[in-house]
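Undergrad: Let me begin by handing over the structure; questions about it come next.
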Amino acid sequence: MIKTFEQYASGDYAGSYDTFREGYKLMFGVGQALGDAIVKQSPDKFAETQMPTDMPKTGLGGASEATTNPLTLVVFRSMSEKHLKIRIQKELAIM
């Protein structure tokens, strides 16, 4: 995450995106391994053969209908705000 932010703040947007995707890929694999281990530890809890037909209605605001991962938006928004603050500070230092 830090490298992603540093690349973004320095204007290397393509590098920032690539680094973010690499981190996502790594953590997705970690999640798969962890999920597999949990299922193997308690297979009786996951023995149901029929998949649900609808997502649960959690009341948390329609995240199941979103096309973009909300975490991605939060990360890039905070990175963008930090980048803007850095640019303003640099501009004020020049004046």
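Every number in this text was worked out from the coordinates using simple rules, so none of it is lab data. Predicted model, so just to flag it, every value in this text is computed and none were measured.
Undergrad: Give me the number: length gained by fully extending ILE38 to ASP12, i.e. 0.36 nm times residue separation minus the C-alpha to C-alpha distance, one decimal in nm.
TA: Taking 0.36 nm per residue and subtracting the Cα distance, the gain is 5.5 nm.
Undergrad: Any chance you could list P(r) for region 1-52, counting all Cα-Cα pairs in 5 angstrom bins from zero, rounded to whole %?
TA: Final binned percentages: 4, 19, 15, 13, 11, 9, 9, 8, 8, 3, 0.
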